[in-house]
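Novice: Here it is, the structure, as structure tokens.
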Amino acid sequence: MTTRPHLSLEGVGQPTAPGRFVDADAIEPVGFVEGLDFRPVLGEQTMVNFVSFRPRTEAPNHAHVEEQIVIVLEGELEFEIDGEVRTMRKGDVAVVPPWVPHGARTRAAPCLEVDVFNPPRETLLEHARAQQAMGVPADAADPPGHGSAADTARQ
């Protein structure tokens, strides 16, 4: 157990970037699947992704290298982790380790949930950089340490 207080300025290091406030609703949505909108917000090492499901929408089973934590804010969805399916409602949380198959679907009601990715989900990071390069306003713009749109174009 740690003896250092949880909320303290003791032992503070140097900030690595300025803090900022984000209006998630102002972020240009990313749509990979009809009825499913993603609004990614990037930190230096973590991504928070606001996800809106319309009724009767499915995010097919998939797996990825990034760890994912899912938090339902409104509505409900059926979430599957490695073959186990549960109905998630407001306040429910699912933890998906890297490479574990998972997917989700809504029935008659919509759902708003948040995905936390560490490291940031590469496919969303690429889209955020492309939006920035096109001049589309989105606070999913690169934080320090993630490279620029030009860097991404060179890869």
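The values are calculated or read from the model by the stated rules, or taken from the named source; none is laboratory data. Everything numeric in this text was worked out from a predicted model, so none of it was measured. Cβ coordinates were reconstructed from backbone atoms using ideal geometry, including for glycine residues, and neighbour counts include every protein chain displayed.
Novice: Of the numbered conditions (1) modelled with pLDDT of 85 or more; (2) assigned to a helix (DSSP H, G or I); (3) surrounded by fewer than 13 Cβ atoms within 10 Å (Cβ to Cβ), Asp151 fails exactly one; give the number of that condition.
Specialist: (1)
Novice: Phe38 passes all but one of (1) free of Cβ contacts under 8 Å to residues at least 40 places away in the same chain; (2) among the aromatic types (Phe, Trp, Tyr); (3) within 25 Å of Thr106 (Cβ to Cβ); which number fails?
Specialist: Evaluating Phe38 over (1) free of Cβ contacts under 8 Å to residues at least 40 places away in the same chain; (2) among the aromatic types (Phe, Trp, Tyr); (3) within 25 Å of Thr106 (Cβ to Cβ) leaves (1) as the failure.
Novice: Looking at segment 76-96, can you tell me whether even one residue there is under 16 Å from Pro120 (Cα atoms) and in contact with a His (Cβ under 8 Å, 6 or more places away or on another chain)?
Specialist: Yes, the conditions are met somewhere in segment 76-96.
Novice: Does Leu42 qualify as being buried (at least 19 other Cβ atoms within 10 Å of the Cβ) and either hydroxyl-bearing (Ser, Thr, Tyr) or touching a Pro at 6+ places or on another chain (Cβ under 7 Å) (or both)?
Specialist: It is true that Leu42 is buried (at least 19 other Cβ atoms within 10 Å of the Cβ) and either hydroxyl-bearing (Ser, Thr, Tyr) or touching a Pro at 6+ places or on another chain (Cβ under 7 Å) (or both).
Novice: From the residues in segment 62-80 that are among the aliphatic types (A, V, I, L, M) and touching a Pro at 6+ places or on another chain (Cβ under 7 Å), which one is farthest from Thr106 (Cα to Cα)? Working first, answer last.
Specialist: Step one: filter segment 62-80 for residues among the aliphatic types (A, V, I, L, M), giving 63, 65, 69-73, 77.
Still in the running and touching a Pro at 6+ places or on another chain (Cβ under 7 Å): 63, 65.
Working: Ala63: 19, Val65: 25 Å.
Out of the qualifying residues, it is Val65.
Novice: Follow-up. Condition first: surrounded by 14 or more Cβ atoms within 10 Å (Cβ to Cβ) and closer than 22 Å to Gly91 by Cα. Now tell me which residues in segment 55-65 satisfy that.
Specialist: Selection gives Thr57, Glu58, Ala59.
Novice: A further question on this structure: Out of (1) surrounded by fewer than 13 Cβ atoms within 10 Å (Cβ to Cβ); (2) at pLDDT below 95, what's the single condition that is false for Asp139?
Specialist: Condition (1) is where Asp139 drops out.
Novice: Which of the residues belonging to segment 7-39 are touching an Asp or Glu at 6+ places or on another chain (Cβ under 9 Å), loosely packed, with under 11 Cβ neighbours inside 10 Å and β-branched (Val, Ile, Thr)?
Specialist: Listed by number, the list holds a single entry, Thr16.
Novice: Tally the residues that are under 15 Å from Gly35 (Cβ atoms) and among the hydrophobic types (A, V, I, L, M, F, W, C), restricting the search to segment 63-112.
Specialist: So the answer is 6.
Novice: Could I ask something else about it? Take Val100 and tell me if it is more than 16 Å from the chain's Cα centre (by Cα), part of a strand (DSSP E or B) and either on the phi < 0 side of the Ramachandran plot or among the small types (Gly, Ala, Ser) (or both).
Specialist: Judged against the criteria, Val100 is not a match.
Novice: Would you be able to tell me the number of residues in segment 38-83 that are within 11 Å of the chain's Cα centre (by Cα) and either among the hydrophobic types (A, V, I, L, M, F, W, C) or in a strand (DSSP E or B) (or both)?
Specialist: Number satisfying all stated conditions: 15.
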